[in-house]
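The values are calculated or read from the model by the stated rules, or taken from the named source; none is laboratory data. Model, not experiment: these values are computed from the prediction. Cβ sites come from the backbone with ideal geometry, for glycine too, and all protein chains shown count toward neighbours. Each accessible area value is taken on the protein alone, full model and side chains, heavy atoms only, with ligands, DNA and RNA left out. Shrake-Rupley method; radii C 1.70, N 1.55, O 1.52, S 1.80 Å.
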Amino acid sequence: MKIGFGSDHAGIELKLQLMDYLKEQGHEVVDYGNYDPDDRNDDYPVPGRKVAEAIYNGEVEKGLLVCGTGVGISLAANKVPGVRACVCSEPYSAEMSVRHNNANIVSMGARVVGRELAKKIADAFFNAEFEGGRHARRVEMINQIEEDYRNK
Ligand code: RB5
(Lines give C-alpha, C1' and ligand atoms only; values in the text may rest on other atoms or scores of the structure.)
Protein backbone atom coordinates (compact mmCIF):
# COMPACT_ATOMS: atom_id res chain seq x y z
CA MET A 1 0.00 0.00 0.00
CA LYS A 2 1.16 3.55 -0.70
CA ILE A 3 1.11 5.49 2.58
CA GLY A 4 1.62 9.23 3.16
CA PHE A 5 3.35 10.32 6.38
CA GLY A 6 3.24 13.65 8.17
CA SER A 7 4.28 15.04 11.53
CA ASP A 8 4.97 18.28 13.33
CA HIS A 9 8.17 18.87 15.33
CA ALA A 10 6.90 16.71 18.22
CA GLY A 11 6.43 13.69 15.97
CA ILE A 12 9.40 13.75 13.59
CA GLU A 13 11.38 10.98 15.28
CA LEU A 14 8.43 8.59 15.69
CA LYS A 15 7.26 9.30 12.13
CA LEU A 16 10.69 8.39 10.71
CA GLN A 17 10.80 5.20 12.79
CA LEU A 18 7.35 4.21 11.56
CA MET A 19 8.26 5.01 7.96
CA ASP A 20 11.25 2.66 8.21
CA TYR A 21 9.13 0.00 9.86
CA LEU A 22 6.30 0.12 7.32
CA LYS A 23 8.77 0.15 4.45
CA GLU A 24 10.26 -3.06 5.87
CA GLN A 25 6.72 -4.49 5.87
CA GLY A 26 6.57 -3.92 2.09
CA HIS A 27 4.64 -0.63 1.94
CA GLU A 28 5.55 2.32 -0.26
CA VAL A 29 6.15 5.39 1.93
CA VAL A 30 5.93 9.10 1.06
CA ASP A 31 7.03 11.82 3.50
CA TYR A 32 5.00 15.08 3.47
CA GLY A 33 7.03 16.79 6.26
CA ASN A 34 7.35 18.78 8.44
CA TYR A 35 11.11 18.76 8.88
CA ASP A 36 11.76 21.62 11.33
CA PRO A 37 12.27 20.48 14.95
CA ASP A 38 11.83 24.08 16.22
CA ASP A 39 8.41 24.57 17.84
CA ARG A 40 8.42 28.28 16.87
CA ASN A 41 8.47 27.60 13.11
CA ASP A 42 6.40 24.48 12.88
CA ASP A 43 2.61 24.06 12.95
CA TYR A 44 0.74 20.74 12.85
CA PRO A 45 -2.05 21.88 10.46
CA VAL A 46 0.49 22.03 7.61
CA PRO A 47 1.44 18.31 7.48
CA GLY A 48 -2.10 17.30 8.51
CA ARG A 49 -3.49 19.10 5.50
CA LYS A 50 -0.78 17.85 3.11
CA VAL A 51 -1.34 14.18 3.90
CA ALA A 52 -5.13 14.60 3.78
CA GLU A 53 -4.90 16.33 0.40
CA ALA A 54 -2.63 13.56 -0.89
CA ILE A 55 -5.42 11.11 -0.08
CA TYR A 56 -8.05 13.39 -1.62
CA ASN A 57 -5.96 13.66 -4.82
CA GLY A 58 -5.30 9.92 -4.97
CA GLU A 59 -1.51 10.29 -4.55
CA VAL A 60 -1.58 7.87 -1.62
CA GLU A 61 -4.16 5.39 -0.39
CA LYS A 62 -3.85 5.98 3.36
CA GLY A 63 -1.95 8.15 5.81
CA LEU A 64 -0.15 8.15 9.13
CA LEU A 65 0.16 11.35 11.15
CA VAL A 66 2.09 12.11 14.34
CA CYS A 67 2.08 15.18 16.57
CA GLY A 68 2.45 15.50 20.36
CA THR A 69 -0.96 13.99 21.09
CA GLY A 70 -2.12 13.04 17.59
CA VAL A 71 -5.11 15.32 18.14
CA GLY A 72 -4.32 18.63 16.46
CA ILE A 73 -2.91 17.08 13.31
CA SER A 74 -5.96 14.80 12.95
CA LEU A 75 -8.36 17.72 13.42
CA ALA A 76 -6.66 19.52 10.53
CA ALA A 77 -6.71 16.42 8.31
CA ASN A 78 -10.41 15.82 8.98
CA LYS A 79 -11.30 19.17 7.36
CA VAL A 80 -10.47 17.72 3.93
CA PRO A 81 -13.55 16.05 2.37
CA GLY A 82 -13.49 12.27 2.36
CA VAL A 83 -10.78 12.07 5.00
CA ARG A 84 -11.45 10.07 8.13
CA ALA A 85 -8.51 10.45 10.50
CA CYS A 86 -8.62 8.69 13.87
CA VAL A 87 -6.39 9.23 16.87
CA CYS A 88 -5.39 5.80 18.16
CA SER A 89 -3.38 4.92 21.25
CA GLU A 90 -3.93 1.17 21.12
CA PRO A 91 -4.32 -1.45 18.36
CA TYR A 92 -7.99 -2.40 18.91
CA SER A 93 -9.32 1.06 18.03
CA ALA A 94 -6.90 1.27 15.10
CA GLU A 95 -8.22 -2.00 13.65
CA MET A 96 -11.89 -1.12 14.25
CA SER A 97 -11.48 2.38 12.82
CA VAL A 98 -10.84 0.69 9.47
CA ARG A 99 -13.23 -2.28 9.80
CA HIS A 100 -16.24 -0.18 10.87
CA ASN A 101 -15.42 3.47 10.03
CA ASN A 102 -13.33 3.05 6.88
CA ALA A 103 -10.69 5.34 8.39
CA ASN A 104 -8.01 6.39 5.93
CA ILE A 105 -5.59 8.09 8.34
CA VAL A 106 -4.25 6.84 11.66
CA SER A 107 -2.97 9.57 13.94
CA MET A 108 -0.73 9.03 16.96
CA GLY A 109 0.75 11.07 19.79
CA ALA A 110 4.51 10.83 20.09
CA ARG A 111 4.11 12.01 23.69
CA VAL A 112 1.49 9.33 24.31
CA VAL A 113 2.66 6.07 22.72
CA GLY A 114 6.13 4.51 22.61
CA ARG A 115 7.75 3.20 19.45
CA GLU A 116 6.84 -0.48 19.91
CA LEU A 117 3.20 0.25 20.71
CA ALA A 118 3.09 2.62 17.73
CA LYS A 119 4.25 -0.23 15.47
CA LYS A 120 1.44 -2.47 16.78
CA ILE A 121 -1.09 0.32 16.17
CA ALA A 122 0.23 0.76 12.62
CA ASP A 123 0.07 -3.01 11.97
CA ALA A 124 -3.53 -3.16 13.22
CA PHE A 125 -4.55 -0.20 11.06
CA PHE A 126 -2.84 -1.11 7.79
CA ASN A 127 -3.73 -4.81 7.95
CA ALA A 128 -7.44 -4.21 8.55
CA GLU A 129 -10.13 -4.08 5.84
CA PHE A 130 -13.41 -2.18 5.74
CA GLU A 131 -16.36 -4.53 6.31
CA GLY A 132 -18.92 -2.49 4.35
CA GLY A 133 -22.59 -3.55 4.83
CA ARG A 134 -24.32 -1.58 7.57
CA HIS A 135 -21.05 0.22 8.28
CA ALA A 136 -21.02 1.64 4.75
CA ARG A 137 -24.41 3.24 5.40
CA ARG A 138 -23.03 5.01 8.46
CA VAL A 139 -19.89 6.20 6.71
CA GLU A 140 -22.13 7.51 3.93
CA MET A 141 -24.06 9.45 6.58
CA ILE A 142 -20.79 11.11 7.63
CA ASN A 143 -20.13 12.03 3.98
CA GLN A 144 -23.61 13.52 3.79
CA ILE A 145 -22.76 15.96 6.60
CA GLU A 146 -19.88 17.26 4.47
CA GLU A 147 -22.20 17.55 1.46
CA ASP A 148 -24.85 19.42 3.42
CA TYR A 149 -22.33 22.03 4.57
CA ARG A 150 -20.64 22.31 1.16
CA ASN A 151 -23.95 23.47 -0.32
CA LYS A 152 -24.78 26.07 2.37
C1 RB5 B 1 3.02 20.98 20.01
O2 RB5 B 1 3.61 21.36 21.19
C3 RB5 B 1 1.72 20.24 20.26
O4 RB5 B 1 0.74 21.16 20.62
C5 RB5 B 1 1.32 19.46 19.03
O6 RB5 B 1 2.33 18.56 18.70
C7 RB5 B 1 0.07 18.61 19.15
O8 RB5 B 1 0.12 17.78 20.27
C9 RB5 B 1 -1.22 19.31 19.05
O10 RB5 B 1 -2.30 18.72 19.04
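Of note:
- Given (1) over 24 Å from Met141 (Cα atoms); (2) without any contact (Cβ under 8 Å) to a residue 40 or more places away in the chain, index of the condition Ser74 fails: (1)
- Residue list for the stretch 105-129, restricted to those being closer than 20 Å to Leu22 by Cβ and open to solvent by 60 Å² or more (accessible area, probe 1.4 Å): Val112, Arg115, Glu116, Leu117, Lys120, Asn127, Glu129
- Entirely in the stretch 13-104, the helices (runs of 4 or more DSSP H) that have 1 or more residues that are within 14 Å of the ligand (Cβ to nearest atom) and open to solvent by less than 30 Å² (accessible area, probe 1.4 Å): 45-56, 71-77
- The conditions of being of a type outside the set (S, T, N, Q), in contact (Cβ under 8 Å) with a residue 40 or more places away in the chain and open to solvent by less than 20 Å² (accessible area, probe 1.4 Å) are not met by Gly132.
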